[in-house]
Amino acid sequence: MATSERQVCISRLMFLGALAAALADGGGSWPQFHGPSRDNMSTETGLLKEWPPEGPPLLWKFGECGKGYSGVAIADGMIFTAGDFADKEFVLALDLNGKLLWKAENGRSWRGAQPGARTTPTYDNGVLYHMGPTGRLAALEARTGKELWAVDLKKEYDARYGTWALSENLLVDGQAVLCVPGGSKGRVVALNKTTGALLWANTEIAEQAAYCSPILVEHKGVRQLITLMHKSVVAVDVKTGKLLWSHGHPAPYGQNVDRPLYKDGYVLVSAGHNTGSRLLQINDANDGVREVWFTKEMDNCHGGIALLDGYLYGSGCRLFHKGLHCIEFLTGKKAHTAVEVGKVSLTWAEGLLYCVDQERKVFLVQPSPQGSRIISRFELPKVSRDLVLCHPVVCGKRLYLRHDQNLYCYDIAAK
């Protein structure tokens with residue numbers, strides 16, 4: 001048997017082993033940034049309601065993720081992330097026991113401000129889609145890491161990135177991979193997910209990309225991508241690429257990062273450095289929005305916001321409005337601030353918030369309009385001075401946390 005054939009056979013056996021482990025262990029599915037529905041809400045049940053003082057049991061640690069802040073996607077019994085290794089960026093696949101299955105290069109690493117991998121791979125029907133910080137977008141076979149196609153967004157669409165590089169987590173919709181190069185040849189672009197060929201490119205939008213990961217919504221029969229550019233929130237028709245509407249939301253240094261949040265025709269956007277949050281209502285014709293309210297009380301930088309029973313939960317910027325804020329969704333009225341939680345990245349599962357702050361502190365929080373309280377807490381081991389910016393993931397009764405090169409997997413199943 002030739003060496004190449006042997007390698008393919010080994011990759012297939014590893015894939016089948018990972019898939020078998022997933023079926024046996026209930027590995028769950030979290031195929032992209034913020035989960036299956038892109039809403040950062042886990043459907044897991046049967047989880048611990050509080051943790052031991054030292055934290056939940058550590059199942060395993062993988063210490064060779066490379067440098068960066070990429071989160072994890074989980075599908076078909078595999079875990080996917082990305083990291084920088086010297087001057088190159090790689091996508092990695094692990095099995096559910098934290099063992100490396102493969103590692104595939106995807107362009108140059110980011111050596112500018114806050115160096116390290118940014119984006120989480122997006123899984124769809126056996127294929128991973130990943131965009132590097134300088135604009136190389138690649139499609140990889142999920143079970144082997146084999147590159148299927150790649151597009152240089154800077155070369156093809158004049159992609160523009162600011163101080164912190166391109167940080168968008170890609171969306172797949174039907175046959176399209178949707179991305180926001182922010183360039184003069186394509187502010188928002190749809191590529192054929194099988195070939196990488198251009199489906200459409202929007203050049204109406206005047207602004208370059210920020211650092212936001214878009215969402216897909218359907219309002220009054222129109223499917224649209226909503227994202228934040230440097231100075232505004234925009235919506236684009238995913239069939240044609242036509243700009244549907246836009247509304248100003250300027251942030252210092254174009255630091256619009258947080259994923260927009262959609263509910264019943266309303267769109268919530270937030271940004272840090274005293275920018276604040278605003279709620280918009282899309283009109284029935286999908287050609288404009290009305291600003292419902294604006295507040296600076298919750299100026300969420302990049303940690304994510306959860307909408308629970310009509311209330312928003314999200315952090316304020318550490319420089320201005322510290323704490324975990326609870327704000328009524330439709331009015332913008334603040335219910336309370338949990339100062340002791342601080343500035344965190346968060347996710348939600350089975351009625352509780354899982355939060356991690358930049359200094360490695362991890363919290364299990366009971367959210368409530370009457371006052372959110374910390375149930376349990378622990379700290380990740382300190383391995384470097386790098387900030388913890390990767391969002392937590394709850395999937396398969398496990399909690400995934402990343403600090404620098406280390407990915408930690410904790411058992412949070414109720415015994």
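Residue farthest toward the positive end of the dipole of region 255-321, with Cβ of Lys/Arg at +1 and Asp/Glu at -1: which of Q281, F294, S315?
S315
Name the residues of region 313-330 whose amide N is less than 11 Å from a point 7 angstrom out from the Cα of R373 along the C-beta direction?
none
Pick from A197, A113, A86: which is most flexible by mean-square fluctuation in a GNM of the chain where alpha carbon atoms under 10 Å apart are linked?
A113
For each of C355, C395, C409, count neighbouring Cβ atoms within 10 Å of the residue's Cβ, then give the residues from fewest to most. Spell out each step's value before the answer.
On the way: C355 28, C395 25, C409 22.
Ranking C355, C395, C409 by Cβ neighbours within 10 Å, fewest first, gives C409, C395, C355.
Work out the charge dipole of region 86-213 with +1 on the Cβ of Lys and Arg and -1 on the Cβ of Asp and Glu about the Cα centre, then indicate which of A138, V189, W102 is farthest towards its positive end.
With unit charges placed on the Cβ atoms, the residue in question is W102.
Where does each of 375-385, 307-317, 70-80 land if you order them by average Cβ count within 10 Å, highest first? Walk me through the numbers on the way to the answer.
Values: 375-385: 13.0, 307-317: 20.8, 70-80: 25.8.
Most protected by this proxy first, the peptides run 70-80, 307-317, 375-385.
Taking the Cα centroid of region 238-264 and of region 50-90, what is the distance between the two, rounded to the nearest whole Å?
Using only Cα atoms to place each centre, the spacing works out to 29 Å.
For a test of the definition: using alpha carbon positions, the gyration tensor, and the 1.5 limit on a/c, classify the chain as rounded, prolate or oblate.
oblate
If you place +1 on the Cβ of every Lys and Arg and -1 on the Cβ of every Asp and Glu, how big does the dipole about the Cα centre of region 278-389 come out, in debye to the nearest 20?
Numbers: 14 positive and 13 negative charges, 101 e Å.
The dipole of region 278-389 has a size of about 480 debye.
To make sure I understand, if each residue's beta carbon is the centre and we count other beta carbons within 10 Å, what order do H273, H130, H219, H302 fall in, fewest to most?
Details: H273 15, H130 29, H219 19, H302 23.
Placing the least packed residue first, the sequence is H273, H219, H302, H130.
Go through K88/K361; K88/K343; K220/K242; K49/K397; K361/K382; K322/K361 and tell me which ones have a Cα-Cα distance over 22 Å in this structure. Kindly include the intermediate steps, with their values, before the conclusion.
Values: K88/K361 30 Å; K88/K343 31 Å; K220/K242 16 Å; K49/K397 12 Å; K361/K382 10 Å; K322/K361 16 Å.
Beyond 22 Å: K88/K361; K88/K343.
For the chain, what is the charge dipole size about the Cα centre, in debye to the nearest 20, if Lys and Arg each add +1 at the Cβ and Asp and Glu each add -1 at the Cβ? Don't jump to the answer; show the numbers that get you there.
Working: 46 positive and 42 negative charges, 107 e Å.
With Lys and Arg at +1 and Asp and Glu at -1, about 520 debye.
Among W164, W60, which comes first, then next, by fewest other beta-carbon atoms within 10 Å?
Numbers: W164 20, W60 15.
Listing W164, W60 from fewest to most nearby Cβ atoms yields W60, W164.
Tell me the mean residue ellipticity at 222 nm calculated for the chain from its helices only (DSSP H runs of n ≥ 4, each -39500 (n - 2.57), averaged over every residue, nearest 500).
Details: 2 runs with 28 residues, N = 415.
That calculation yields -2000 deg cm²/dmol at 222 nm.
Taken together, the values in this text are just the output of simple stated rules run on the coordinates, not laboratory data. Since we're looking at a predicted model, the values are computed, not measured. Here the Cβ is made from the backbone with ideal geometry for all residues, glycine too, and neighbour counts use every protein chain on show.
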